[in-house]
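Written below as structure tokens is the structure these notes are about.
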Amino acid sequence: MSVVGIIAEFNPFHSGHEFLLNQARLVAGNDPIVVLMSGNYVQRGEMAIMSKWERAKVALQSGADLVFETPFSTAVEPADLFALGNIEKLAKLGVTDLVFGVEDANLNFAYLGKRIAEIPQNHMDFRDYSQTYSTQYNQMVAHEVGYEVNQPNAILGLAYSVANHNLGSPLNLHPVNRIGAGHDDLLQREKVVQSASAIRNLLLHGEDTKNLKYWMPKAEAMVLAEQKIYPNWNLLYPFLKYRIESSSVEELRHIYQMSEGLEYKMKQEIHLARDFTEFLRHIKSKRYTYSRLRRLSLYTLLNVTQDDILASFNHESLMLLGFSKMGRKYLKQQRKEFQTEIVSKVDKRSAKNGSLALQVRVDRLFEQIMGVDQNFGRRPIEVQKC
């Protein structure tokens, strides 16, 4: 059995993702495709543009057989931890193969991952505060393995391969060439495949949504066109401002990933910044990337502490968002073999434990913004395929 895994955000799902699922089907054949999808918060430190349930549904309609929610404690992390957590979870679900999109699928990711994983630890002591950690890491990798990693999907692909090697190579790696627009390209209306960021920008700027149907499944395009609110940081900024201004420096110091006096800098600058973009510019330094600061801002907004993250890892479970007929069959046959707890219904007991407790808590804000319950009373989506 070749159980194929995909790690995704689908924020939103578009024709490029549909292509990736089709490529995964070529590997899987008559075996299931398992998707680990970030929930209502994504890796860059933002709210997703539409709910996890809507995104899971379109993934199932487009070829996925099982969609699980990646816990917040893994979904909102830098690439190395994001990759490690997701690869480990896929292996626990019995997945044998990983399909992922990159700019150049001819690269030997398994080999490069092994080389990077074997770099001596003393070569990774990054103390140059005039450059970000990611810049220093990429420079070190280029020096050690002779290949410069500077494209977004290649960086994540290498993170997958390093994580896979460090976990004993439980998955076979299948890189697939991306098609259409690049990862962060602006909208190019003549292309069938747009970048997810271009689609989000179109929605956030209130542009005409009639062309969405050309870049994503029509049912999803209709949902997005009718959606009244599109979550974004400028919408959330007043909540963040209140959170920082009403918290003491000591309280902020306990926020996950708060370091090197950033709590003082955030306290100082929140008074002066008129919006979130300006706030990020004020707290930005050569030491930190904007993605790192967005994640920190999100942890702060949601009051996520180091203890919350540790509790999530110590009692980790996976929320089942949906399944196809094939997915149901696989779940029934293999569930006892899974090395992680699967939750298909959130109740008061499950919501008090570890990763699910944190997910339920952080989803409260998404529910406030969108006006739709995200956990209690929800059941996995079942999609019947032709």
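The values are calculated or read from the model by the stated rules, or taken from the named source; none is laboratory data. Please read these numbers as outputs of a predicted model, since none were measured by experiment. As a convention, Cβ positions derive from the backbone with ideal geometry for all residues, glycine included, and neighbour counts pool all protein chains shown. Keep in mind that these areas ignore ligands, DNA and RNA; they rest on the heavy atoms of the full protein, side chains included. Shrake-Rupley method; radii C 1.70, N 1.55, O 1.52, S 1.80 Å.
With the highest mean first, a sort of the peptides 153-160, 274-281, 135-142 on other beta-carbon atoms found within 10 angstrom per residue produces 153-160, 135-142, 274-281. Highest GNM mean-square fluctuation among 364, 25, 349, for the chain modelled with Cα contacts below 10 Å: 349. The residues of region 176-314 expose, per residue, 53 Å² of accessible area to a 1.4 Å probe. A Cβ-based charge dipole, computed about the Cα centre of region 1-78 with Lys and Arg at +1 and Asp and Glu at -1, lands at about 80 debye.
Please give the direction-averaged projected area of the C-alpha convex hull for region 268-316, in square nanometres with one decimal.
Approximately 4.3 nm², given one-decimal rounding.
Judged by the gyration tensor of its Cα atoms, with axes a ≥ b ≥ c, region 268-356 is prolate; a/c meets the 1.5 cut and a/b is the larger of a/b and b/c. Taking 7 Å steps out from each Cα toward its Cβ at residue 201 and residue 314 produces label points 4.4 nm apart. Modelled spin-label separation between residue 222 and residue 44, with each label point placed 7 Å from Cα along the Cα-to-Cβ direction: 2.9 nm. Taking every C-alpha pair closer than 8 Å and separated by at least 6 residues, the mean separation divided by the residue count of region 68-212 gives a relative contact order of 30 percent.
Each Lys or Arg adds one and each Asp or Glu takes one away; over the other residues whose Cβ falls under 13 Å from the Cβ of residue 346, this sums to +3. When Lys and Arg each count +1 and Asp and Glu each count -1, what net charge do the other residues less than 9 Å away from residue 225, Cβ to Cβ, add up to? So the environment of residue 225 carries a net charge of +1.
Per-peptide packing, taken as the mean over residues of other Cβ atoms within 10 Å, places 26-33, 70-77 in the sequence 70-77, 26-33 from highest down. Starting from the Cα gyration tensor of region 1-125, take the square roots of the eigenvalues, sort them a ≥ b ≥ c, and report rounded, prolate or oblate (rounded when a/c is under 1.5, otherwise prolate if a/b is larger than b/c, else oblate). Since a/c reaches 1.5 but b/c is at least a/b, the shape of region 1-125 is classed as oblate. Expressed as a whole percent, the accessible surface of the chain that belongs to carbon and sulfur atoms is 49, based on a 1.4 Å probe.
For the chain, the dipole from Cβ point charges (+1 on Lys and Arg, -1 on Asp and Glu) about the Cα centre works out to 940 debye, to the nearest 20. Each listed q (0.17, 0.19, 0.22 Å⁻¹) maps to a log10 I(q)/I(0) for region 192-318, found by the Debye formula over equal Cα scatterers with no solvent: -0.94, -1.02, -1.15.
Show log10 I(q)/I(0) for the chain at q = 0.12 Å⁻¹, two decimals, from a solvent-free Debye sum over equal Cα scatterers. One equal scatterer on each Cα of the chain leads to -0.98.
How many percent of DSSP beta bridges within the chain run antiparallel, rounded to 5?
Roughly 20 percent of the beta bridges in the chain run antiparallel, per DSSP.
Region 208-222 and region 1-66 have their alpha-carbon centroids 18 Å apart.
Other residues lying with their Cβ under 15 Å from the Cβ of residue 368 contribute a combined charge of +1, Lys and Arg counting +1, Asp and Glu -1. Only DSSP H runs of four or more residues enter the estimate; each adds -39500 (n - 2.57), and after division by the residues of the chain the mean residue ellipticity at 222 nm equals -14000 deg cm²/dmol. For region 116-265, the mean projected area of the C-alpha convex hull, equal to one quarter of the hull surface, is 13.7 nm².
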